[in-house]
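Novice: What follows is a single structure, and I will ask about it in a moment.
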Amino acid sequence: MVKPAIGRKTNKNPPIFSHEFVIQNHADIVSCVVMVFLLGLMVQSTSSIASLFISLHHNVSGVEPTRDSPKGEAFFYEAGWKDACAVFFYSLVCIVMHAIIQEYILDKLSKKFHLSKSRLSALNESGQLVVFQLMTFIWGGDAIFREGFLFNIPQLWDGYPNHPMTFLLKLWWVVQAAYWIHTIPELYFQRVKKDEWAGRVRQAVVAFTFVTLAYAFKFQRVGVALIVLHSLAEFVAHSYRLNTILRGEKEDFLDKFLSLVNGAVFVGVRLCSLVLGVLTFYFGLAGAAPLLVRVAALSLLVSFQVYLMFNFITETMKQRQEARQLALSKPKKERKDRPKKEKVKKVHNEESDLPEVDQNTNKTLRQRQTAAAKK
């Protein structure tokens with residue numbers, strides 16, 4: 001009998017306002033809160049308050065379409081304190097999307113493969129991150145392509161600090177901050193084990209800190225490039241982890257290929273991030289940004305890349321040592337299982353060293369002995 005997945009609904013009806021009721025129905029509860037904000041946007045008396053959470057603010061340019069100018073002018077935004085309200089609202093949206101992915105994709109996979117509790121927890125974590133990192137890479141990559149950063153790298157620092165953002169780019173930053181905030185209550189909603197809380201909270205806090213610092217200090221252009229690179233490495237890493245979870249630790253061609261791709265992409269992303277950071281903070285922003293800010297940003301970036309690289313090398317060496325130990329333990333068992341075959345081979349080798357006449361006499365003697373035994 002397959003047990004219900006972590007945090008999913010069962011046939012039992014727990015008391016209202018109990019922990020079990022909140023966990024089982026948290027997606028519906030949060031959806032109702034989101035609908036309250038949307039309904040408030042339609043009412044004139046509350047539309048100003050609701051728009052503070054739903055709409056993006058702090059626009060510095062842009063004109064609505066009119067009869068004289070049907071196309072209007074594109075809106076550009078900068079960072080401001082009202083963005084915190086938008087981050088709160090979109091974190092609620094992230095909770096709803098998290099529940100949809102969990103129920104319609106991850107829960108079905110867990111029932112199909114009958115995973116253990118540890119593998120189920122890893123599936124839920126990597127499954128959610130694969131979707132988020134893929135969305136981050138595609139959305140951020142599209143913004144980089146539209147802004148022209150890909151073929152004109154000096155735009156990452158030219159004109160600093162006057163770097164207004166388009167609507168999609170600002171919304172991308174808001175969603176990045178909202179996602180990492182929503183992962184904290186999800187630990188409770190998904191009934192994650194207490195011993196896993198520390199690692200996941202640390203990951204969320206570090207990611208949210210990087211996003212907030214880059215956004216607050218107006219490093220949005222170089223920040224989106226660095227996060228898109230990092231999301232590519234994370235997407236490949238969690239895809240490789242999902243393959244190991246669902247297929248087991250099978251050393252076949254697919255596993256070796258994904259392992260090779262994971263290592264190559266990881267190392268390539270780390271090098272590209274370091275090069276991009278040095279070009280921007282050391283050379284590009286020289287004279288435009290304060291020296292203390294540039295040194296602090298570059299030091300933080302380099303320290304983070306070195307930390308990730310050290311963990312990757314340590315984990316790779318650990319896996320190779322375990323593989324060597326398994327390879328050394330297998331031949332010992334095979335030798336114990338084959339003692340008789342070796343004796344037969346030795347007798348055959350001793351006879352092959354004799355002349356042909358002696359070999360024929362040995363054969364005739366053996367035939368006479370077997371005939372006498374039958375009689």
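Here is a yes/no grid of residues against (1) among the charged types (D, E, K, R); (2) at pLDDT below 95:
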site: 98; (1), (2): no, no
site: 103; (1), (2): yes, yes
site: 114; (1), (2): no, yes
site: 139; (1), (2): no, no
site: 149; (1), (2): no, yes
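Novice: Something else about it: Suppose the filter is more than 36 Å from the chain's Cα centre (by Cα), at pLDDT 90 or above and either surrounded by 11 or more Cβ atoms within 10 Å (Cβ to Cβ) or in a helix (DSSP H, G or I) (or both); does residue 48 pass it? Reasoning before the result, please.
Specialist: Values: more than 36 Å from the chain's Cα centre (by Cα): yes; at pLDDT 90 or above: yes; either surrounded by 11 or more Cβ atoms within 10 Å (Cβ to Cβ) or in a helix (DSSP H, G or I) (or both): yes.
In short, yes.
Novice: Among the residues of the range 61-97, what is the count of those that are open to solvent by 70 Å² or more (accessible area, probe 1.4 Å) and hydroxyl-bearing (Ser, Thr, Tyr)?
Specialist: The qualifying residues number 1.
Novice: Tell me, please, whether a residue that is assigned to a helix (DSSP H, G or I), more than 28 Å from residue 242 (Cα to Cα), open to solvent by 50 Å² or more (accessible area, probe 1.4 Å) and among the charged types (D, E, K, R) can be found in the range 317-332.
Specialist: Yes.
Novice: Please specify each residue of the range 28-45 satisfying the condition of being open to solvent by 80 Å² or more (accessible area, probe 1.4 Å) and part of a helix (DSSP H, G or I).
Specialist: Of the range 28-45, the ones open to solvent by 80 Å² or more (accessible area, probe 1.4 Å) are 32, 35-36, 39, 42, 44-45.
Within the range 28-45, 32, 35, 36, 39, 42 meet the criteria.
Novice: Within the range 171-190, is there a residue that is out of contact with any Asp or Glu (no Cβ under 7 Å at 6 or more places or on another chain), open to solvent by 40 Å² or more (accessible area, probe 1.4 Å) and among the charged types (D, E, K, R)?
Specialist: No - not one qualifying residue is present in the range 171-190.
Novice: Name, by its number, the condition in (1) under 13 Å from residue 217 (Cβ atoms); (2) open to solvent by 50 Å² or more (accessible area, probe 1.4 Å) that does not hold for residue 293.
Specialist: If we test residue 293 against (1) under 13 Å from residue 217 (Cβ atoms); (2) open to solvent by 50 Å² or more (accessible area, probe 1.4 Å), just (2) comes out false.
Novice: Looking only at the range 144-159, which residues are assigned to a loop (DSSP other than H, G, I, E, B) and open to solvent by less than 40 Å² (accessible area, probe 1.4 Å)? First the steps, then the outcome.
Specialist: Taking the range 144-159 and keeping what is assigned to a loop (DSSP other than H, G, I, E, B), we get 148-152, 157-159.
Answer for the range 144-159, where residues must be assigned to a loop (DSSP other than H, G, I, E, B) and open to solvent by less than 40 Å² (accessible area, probe 1.4 Å): 148, 149.
Novice: Let me ask another. Considering only residues that are in contact (Cβ under 8 Å) with a residue 12 or more places away in the chain and surrounded by fewer than 16 Cβ atoms within 10 Å (Cβ to Cβ), which ones fall in the range 98-141?
Specialist: The initial filter retains those residues of the range 98-141 that are in contact (Cβ under 8 Å) with a residue 12 or more places away in the chain, namely 98-103, 105-107, 109-111, 113-115, 119-134, 136-137, 139-141.
Across the range 98-141, the qualifying residues are 100, 103, 105, 111, 113, 114.
Novice: Answer yes or no as to whether residue 267 is surrounded by 13 or more Cβ atoms within 10 Å (Cβ to Cβ), modelled with pLDDT of 95 or more and not aromatic (Phe, Trp, Tyr). Please lay out each step first, then the result.
Specialist: Values: surrounded by 13 or more Cβ atoms within 10 Å (Cβ to Cβ): yes; modelled with pLDDT of 95 or more: yes; not aromatic (Phe, Trp, Tyr): yes.
Yes; evaluated as a whole, the condition is true for this residue.
Novice: Can you find a residue in the range 239-256 that is of a type in the set (Asp, Glu) and under 25 Å from residue 202 (Cβ atoms)?
Specialist: As a first pass, look at the range 239-256 and keep what is of a type in the set (Asp, Glu): 249, 251-252, 255.
From what's left, under 25 Å from residue 202 (Cβ atoms): none.
No, that holds for no residue.
Novice: Please determine, by comparing only the residues of the range 270-290 that are open to solvent by 50 Å² or more (accessible area, probe 1.4 Å) and not hydrophobic (A, V, I, L, M, F, W, C), which one is nearest to the chain's Cα centre (by Cα). Lay out the reasoning, then the answer.
Specialist: The initial filter retains those residues of the range 270-290 that are open to solvent by 50 Å² or more (accessible area, probe 1.4 Å), namely 271-272, 274-275, 278-279, 282-283, 286-287, 290.
Next, only the ones that are not hydrophobic (A, V, I, L, M, F, W, C) stay: 282, 287, 290.
Working: 282: 30, 287: 37, 290: 34 Å.
Checking each candidate, the answer is 282.
The values are calculated or read from the model by the stated rules, or taken from the named source; none is laboratory data. Bear in mind the structure is a predicted one, so any value in this text is a computation, not a measurement. Glycine also receives a Cβ, built like all others from the backbone with ideal geometry; neighbour counts cover every protein chain displayed. Protein only, heavy atoms only, side chains kept; ligands, DNA and RNA dropped before computing areas. Shrake-Rupley method; radii C 1.70, N 1.55, O 1.52, S 1.80 Å.
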